[in-house]
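Each remark here refers to the structure printed beneath this line.
Computed from the coordinates by the stated procedures, all read-outs in this text should not be read as laboratory data. Because the structure is a prediction, the values reported are computed rather than measured. Here Cβ is always computed from backbone atoms with ideal geometry, including for glycine, and neighbour counts include all displayed protein chains.
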Amino acid sequence: MSKVMIISGSKSDSAIADKAAKVLDEFGVEYTIEVASAHRNPDKVEKLVSESGADVFIAIAGLSAALPGVISSKTVKPVIGVPVSAKLDGLDALLSIAQMPPKIPVAAVGIDNGANAAYLAVQILALKDEKLEEKVKEFREKMKE
């Protein structure tokens with residue numbers, strides 16, 4: 001079963017999803033990648049979230065960036081939003097993700113930064129996985145070199 005579900009709002013976001021996947025591969029974390037627009041196919045988004053056994057969601061979205069918030073409204077599991085630089089250098093998407101209404105939080109990482117979303121997902125999963133926690137610690141130690 002996948003620990004992380006990556007959902008991008010458009011096929012054009014695949015390069016960002018690939019960056020997240022690469023990090024998850026490095027840590028041996030199972031994941032799935034799906035494409036589902038919060039605006040064009042909200043029923044698919046709801047079905048993906050409700051039927052997923054994932055512990056963490058990574059939502060990649062540009063422009064109004066509704067996808068992370070929609071996912072968060074459908075689950076109590078952590079949602080990490082990745083804003084995409086489609087317009088306005090991604091600032092519109094970043095603000096949409098960061099300015100969620102009270103009590104429906106979404107974590108936000110930097111614009112187009114799928115890798116950081118994956119690192120955060122790994123850290124969240126490491127809270128309940130000692131082996132993964134050790135991998136994160138080793139990774140951090142290597143960064144010091």
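Where a ≥ b ≥ c are the square roots of the eigenvalues of the C-alpha gyration tensor, would you call the stretch 59-124 rounded, which needs a/c under 1.5, or, failing that, prolate if a/b is larger than b/c, or oblate? Cα axes put the stretch 59-124 in the oblate bin. Hey, got a sec? Which trypsin sites (Lys or Arg not before Pro) in the stretch 100-144 land in a DSSP loop and have at most 15 other Cβ atoms within 10 Å? Passing both the DSSP loop test and the Cβ count: 103, 128, 144.
Only the Cβ atoms of Lys and Arg (+1) and of Asp and Glu (-1) were treated as charged; on that basis the dipole of the chain about its Cα centre amounts to roughly 280 debye. Computed over the chain, relative contact order equals 24 percent, with contacts defined as Cα pairs under 8 Å that lie 6+ residues apart.
Could you tell me whether the stretch 1-121 comes out rounded, prolate or oblate from its Cα gyration tensor? Rule is a ≥ b ≥ c as square roots of the eigenvalues, rounded for a/c under 1.5, then prolate if a/b exceeds b/c, otherwise oblate. Since a/c stays below 1.5, the shape of the stretch 1-121 is classed as rounded. In this simple spin-label model, placing a label point 7 Å from the Cα along the Cα-to-Cβ direction at both residue 139 and residue 85 gives a separation of 2.3 nm. Starting from the Cα gyration tensor of the stretch 87-127, take the square roots of the eigenvalues, sort them a ≥ b ≥ c, and report rounded, prolate or oblate (rounded when a/c is under 1.5, otherwise prolate if a/b is larger than b/c, else oblate). The shape class here is oblate.
Potential lengthening of the chain between residue 128 and residue 15 amounts to 37.7 nm, from the contour at 0.36 nm per residue minus the alpha-carbon distance.
Here residue 26 and residue 77 are evaluated by their C-beta separation; at R0 = 25 Å the FRET efficiency comes out at 0.65.
The lysines within cross-link reach of residue 74, meaning a Cα-to-Cα straight distance under 20 Å and a gap of 8 or more places when in the same chain, are 3, 44, 47, 103.
Between the Cα long axis of helix 42-51 and the first principal axis of the chain there is an angle of about 30°, rounded to the nearest 10.
For the chain, the longest principal axis of the Cα atoms and the long axis of helix 114-126 meet at an angle of about 60 degrees. With Cα atoms defining each centre, the stretch 108-145 and the stretch 56-92 are spaced 19 Å apart in the structure.
Ranked by the mean number of other Cβ atoms within 10 Å of their residues, highest first, the peptides 6-18, 74-86 come out as 74-86, 6-18.
Here's how it looks for residue 108: its modeled amide H is under 5 Å from those of 81, which are all 5 or more places away or on a different chain.
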